[in-house]
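What follows is a single structure, written as structure tokens, with notes after it.
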Amino acid sequence: MTDLAGYVDLHPDRQPARRLRELAGPDGPGVVRGDGWAVAALTRRSPLPGDDAPLPVRDGATTRGLVLGRLFGVGGQLGRRRTAPVPLDWLDADGSLARRTWGRYVAAAVRPDGTLLLARDPIGLLPCFHARHGSGLVFATRMELLTDLLHARPDVDFDRLGSFLTQGPCPTTRTAFRGVAQLPPGTILTRRGARQVERPLWSAARVAATADGRLPSDEELRHTLRACTRAWIADAPRATLDLSGGLDSSAVCWAARPDGEPAPGFTPRFVRFSTGPSVDEQPLAALVADRLGTGLDVIEADGLLPLTPPHGPLPRADAPQLQFTEARLNEFLAAQAGQETEALSGGGGDQVFLMKNAPGYLADHARGRNLLPALVQAWRESRHGLDSMPSMLAGARRELRRRRQPHEPALTGADFDFPQPAWLHLAAKTPVELPPDAAALPAARANQILGIAYWGDAVDRQHRNPYRPSIYPLLSQPLVEIALRAPVHRLLDHTGDRLPLRRAMRGRLPAEAADAPIKGSYAGMYQRALRHNVTVARELIVDGRCVAQGLVDPDRALADLRATARGFVRGPNWPLYSLLAVELWCRAWQPPDAATTADTGWAPLAVAEGEETR
């Protein structure tokens, strides 16, 4: 695992500068230094094939910074990885870096005039955190590394954690620590002296606003999906995929095979719980694997339920995630797969190509003043019994009326089902921050962009493999841009959702996967975990930080725990599960603070020999 870290506008004797020298060495090969600034690439293990790697940022012959990650799209070849230095002017105002390449990256460089340029990839697949230190700024791609450089752990922001309990990891510049901010996806931060500005490097809303309404051909979509998927795993000796048999993971499974042939070292896996899931998806996953000739590893996970204590320490994740409760399962999967294995997921497809729950999408079928298509869609939808025709038409009418009000936002909190449990004492939720310019778009399009931002946010992407971040091929920038340019009424209608992806996969996947209308839910598995680990759950709540802070009423939370474990709560109780994830995350960060009392294990990583720096 490799990280990027650095500082600007700090004297070499200040703590972050001293600590970075200790981690990277006085003349470390992976360090670029100047007057009052430094950027370094640091790793905790020997590099593995295909790893994220640093590239120098050059101004002529002078190295001015580093880009960490993976850049693809060289010479017009979508899946070709860049290994050459990145010109400094690619980080400038015209957004060349995001136009010329795609991938997962954070870039940090300093112009000759002392201006810091800090950029994050458009989808947000690699995180970037920053905090002020005196008159300077310190940044890193891992929260634990940032706190190490600061030689202090900032106070936990319980207001932010309270919002997480109901909203999940919604896009926001706030983090779980006070005084630490997160650079938004597709954003470049410029800082010179006391002036600090953030501006878009890439904008999903602008891509959508300039769409020509053309729907890609099935062949074009298949080519892009395969090129992106193969680019991510081309250099890895081994790769695996969490295959459910649903459309998204099955499409990634198809794309992972080079030219339709079995891929050496690639075997999907199915994590099986004997009871808990609402639908047994193993037969469908096996059907897909058999059709594609990949084989299927079945992981019997009854002893790996959520809340089962791991054998090793809990990882210090950047932020709490629901998957944090699955620490024992993740530990097992990582050990079984090995450090060198790339872990793929079909996650994000629902958001990129849109699900039926997109608000106001019937209004997009009206297409101007022609209401007949919307009436037809509403009638056809009502026949499925999901909602009444009058209710759907009322929603379409509200959306059409809103579009005539230029100052009314596309989405508000009322557009999302954010439950407010009785045990949560939250003065004010963190506002849902729409990406730039998204509020001016139709609600369904804004919901698509917000969903991409939700999934693209890279906090704790190491939950399936602590050695390498998980890979989400459907969130690759070229695929995202295809979906953003497609008309909403061509993405979903009464026949189904994710329509372009379904059409492209017909004939390549079993019909049961390509046309599956709905997936199962693992809420029952979490419910079973509560029954099996009720003592652990009770202790986390009663002795937890949220109760101590007055954020949670323990008696009401315990009553909710008992009701949920016994099956007396209708639907998934995500706020309760999120509360347990928050408490586990808080325990992982409890003192004694290893980030300030012990060596974290980071070591310098070479970029290139003989580079001139100044």
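Computed quantities for the displayed model
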quantity: Pairs where the first residue, in the range 101-122, is within 29 Å of Leu450 (Cα to Cα) and the second is acidic (Asp, Glu) and open to solvent by less than 10 Å² (accessible area, probe 1.4 Å), C-beta under 7 Å, 6+ apart; calculated: Gly103/Asp121; Arg104/Asp121; Tyr105/Asp121
quantity: Residue selected from the range 497-511 under the condition charged (D, E, K, R) and closer than 23 Å to Glu381 by Cβ, by the criterion farthest from the chain's Cα centre (by Cα); calculated: Arg506
quantity: Test for Val252: is it at pLDDT 95 or above and farther than 18 Å from Gln351 by Cα; calculated: no
quantity: In the range 78-97, the residues that are at pLDDT below 90 and either open to solvent by less than 20 Å² (accessible area, probe 1.4 Å) or outside any loop (DSSP other than H, G, I, E, B) (or both); calculated: Gly95, Ser96
quantity: Where Ala358 falls short, out of the listed (1) modelled with pLDDT of 75 or more; (2) under 30 Å from Leu579 (Cα atoms); (3) out of contact with any Lys or Arg (no Cβ under 8 Å at 6 or more places or on another chain); (4) small (Gly, Ala, Ser); calculated: (1)
quantity: Some residue of the range 152-165 being closer than 30 Å to Gln549 by Cβ and β-branched (Val, Ile, Thr); calculated: yes
quantity: Answer from Leu314, Leu307, Leu287 - the residue that is at pLDDT 90 or above and either more than 16 Å from Arg587 (Cβ to Cβ) or under 21 Å from the mean Cα position of the chain (by Cα) (or both); calculated: Leu287
quantity: Residue among Leu42, Leu66, Leu71, Leu55 that alone is touching a strand residue (DSSP E or B) at 6+ places or on another chain (Cβ under 7 Å), part of a strand (DSSP E or B), under 22 Å from Arg132 (Cβ atoms) and at pLDDT 95 or above; calculated: Leu66
quantity: Failed condition for His151, given (1) crowded, with 24+ Cβ neighbours inside 10 Å; (2) closer than 22 Å to Val39 by Cβ; calculated: (1)
quantity: Hits in the range 264-282 (condition: at pLDDT below 90 and touching a helix residue (DSSP H, G or I) at 6+ places or on another chain (Cβ under 8 Å)); calculated: Phe273, Ser274, Thr275, Gly276, Pro277, Ser278
quantity: Test: residue in the range 89-97 that is under 27 Å from the mean Cα position of the chain (by Cα) and of a type in the set (D, E, K, R); calculated: yes
quantity: Total residues in the range 304-343, condition at positive phi and of a type in the set (Val, Ile, Thr); calculated: 0
quantity: Tally, over the range 331-356, of residues that are more than 17 Å from the chain's Cα centre (by Cα) and either crowded, with 22+ Cβ neighbours inside 10 Å or in contact (Cβ under 8 Å) with a residue 60 or more places away in the chain (or both); calculated: 9
quantity: Every residue from the range 395-440 that is within 30 Å of Arg545 (Cβ to Cβ), modelled with pLDDT under 75 and not in a helix (DSSP H, G or I); calculated: Phe416, Asp417, Phe418, Pro419, Ala427, Ala428, Lys429, Thr430, Pro431, Val432, Glu433
quantity: Residues (open to solvent by 10 Å² or more (accessible area, probe 1.4 Å) and either closer than 18 Å to Thr190 by Cα or in a strand (DSSP E or B) (or both)) located in the range 11-36; calculated: Val31, Arg33, Gly34, Asp35, Gly36
quantity: Verdict on Arg82 being over 21 Å from Gln477 (Cα atoms) and of a type in the set (D, E, K, R); calculated: no
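The values are calculated or read from the model by the stated rules, or taken from the named source; none is laboratory data. Predicted model only: the values in this text are computed from it and were never measured. Here Cβ is always computed from backbone atoms with ideal geometry, including for glycine, and neighbour counts include all displayed protein chains. Side chains are part of the model used for accessible areas, which takes the heavy atoms of the whole protein and leaves out ligands, DNA and RNA. Shrake-Rupley method; radii C 1.70, N 1.55, O 1.52, S 1.80 Å.
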